[in-house]
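Bear in mind that the values in this text are calculations on the coordinates, not laboratory data. Note that the coordinates shown come from a computational prediction; the quantities given were computed from them, not determined experimentally. FYI the Cβ positions are ideal-geometry reconstructions off the backbone, even for glycines, and counts take in every protein chain you see.
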Amino acid sequence: MDQQLVEIREKQRESWNKFSSGWKKWDDLVIQFLHPMGEEIIQQLHLKATDTVLDIAGGTGEPGLTIASKISSGKVIITDLAEDMLTIAAENAAKKKIKNVETQICDVCELPFDDNSFDAISCRFGFMFFPDLLLATKEMVRVLKPGGRVAVSVWGVAQKNFWVTAIGGTINQNMQLTPPPPGAPGMFRCAESGMIQNLFEKAGLKNTSEKEVISKLDLESAEVYWEMMTDVAAPFVAALSKAEDEMKEKIKQEVFQKINEKFGNSTVSLDGSALVIAGEK
């Protein structure tokens, strides 16, 4: 990788490690929210009991741990850039008494595995952040066995993801932030229908498919939403750190207003929409 991509990778590693405690705090809620996407990934992998599976950008452990529980004679290697996230994944594996799983720190663009090593590869919401999408895809294909399958999820369009835009849109409306360059890593970088499918085919995968999967982030209140997002969402925390206290409070109150107008006194149930893309080597 060129130096610019290496710098992006290192910034991401630092950020994910920094926010790992927040992800641990909200892990149960996030797992529930992202469960439908994980289930669709698993369904698309066509798993067998003896499979060896690579879970890329595995974070706190899902869907890798669920996959491991389904392949009694196989094993899963959960990888991530951030060692602090993998520590949580290992803790979660121990809690669930899942033993056919290993964790390994590595970069998807430089996978430390031999060609044709894995029967299946999963990646839930990591793709949008990879510095070089085509290189990452080619590395996945390289380590996948012939006939093996890849399934990944990415966030769909912003308009269908109020769980992000409630805070993100409010920040953008109030602060003159420099937009990221086209194609830069970010939440909605891979939202265009067909984009990842085309990338898969370019990298040599066949029988590709794409399916929209929706979910709801259910929370007790706007206050809980604000607390969660400022614990886990590094880009929003970074933006808010540049604001004066008065501006931060204004943004916070506007987020509360948006959510309360939409849900009133009922449970806050924020829309999430993702694309699950699969292919075969």
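Helical content of the chain, expressed as a calculated mean residue ellipticity at 222 nm, amounts to -14500 deg cm²/dmol (DSSP H runs of 4 or more residues, -39,500 (n - 2.57) each, divided by residue number, nearest 500). Among D55, D245, a tally of other beta-carbon atoms within 10 Å of each Cβ gives an order, fewest to most, of D245, D55.
For a paramagnetic label modelled on A238 (point 7 Å from Cα along Cα→Cβ), amide N atoms under 16 Å away belong, within segment 1-15, to 4-15. With a cut-off of 12 Å between beta carbons, the residues surrounding S72 carry a summed charge of +3, where Lys and Arg count +1 and Asp and Glu -1. Per-residue Cβ neighbour counts within 10 Å put M247, M228, M85 in the sequence M247, M228, M85, beginning with the fewest.
Between the C-alpha center of segment 1-27 and that of segment 123-171 there is a gap of 15 Å. At full extension, V224 and Q3 could sit 75.6 nm farther apart than now, given 0.36 nm per residue minus the alpha carbon distance. Taking every DSSP beta bridge that has both ends in the chain, the antiparallel portion is near 50%.
Note the angle between two axes, namely the Cα long axis of helix 245-263 and the longest principal axis of the Cα atoms of the chain, as a number of degrees from 0 to 90, rounded to the nearest 10. Its long axis makes an angle of about 80 degrees.
Each of V30, G74, Q176 was scored by the projection of its Cα onto the charge dipole of the chain, and the greatest displacement toward the positive side belongs to G74; charges sit on the C-beta of Lys, Arg, Asp and Glu.
Computed from these coordinates, which is volume of the Cα convex hull per residue in Å³: (1) 153; (2) 123; (3) 199? Entry (2). The lysine pair tally for segment 190-273, using Cα distances under 28 Å and a gap of 8 or more places or different chains, is 15. Angle of helix 133-143 to the longest C-alpha principal axis of the chain, folded into 0 to 90 degrees and rounded to 10: 30°. Centre-to-centre, using Cα atoms only, segment 33-54 and segment 179-229 are separated by 18 Å. Working from label points 7 Å from Cα in the Cα-to-Cβ sense, the D231 to A158 distance is 2.7 nm. Please name whichever of L65, S15, L5 sits farthest to the positive end of the charge dipole of segment 1-69, dipole taken about the Cα centre and charges placed at Cβ: Lys and Arg +1, Asp and Glu -1. So the residue furthest toward the plus end is S15. Extension gain, S266 to A184: 0.36 nm times the residue separation minus the Cα-Cα distance gives 25.8 nm. Using Cβ point charges alone (K and R +1, D and E -1), the dipole size of the chain about the Cα centre works out to roughly 620 debye. Sequence-distant contacts, meaning Cα pairs under 8 Å at least 6 residues apart, place the relative contact order of the chain at 22 percent. Ordering V141, S266, W155 by the projection of their Cα atoms onto the charge dipole of segment 126-275, which places +1 on the Cβ of Lys and Arg and -1 on the Cβ of Asp and Glu, puts V141 at the extreme positive end.
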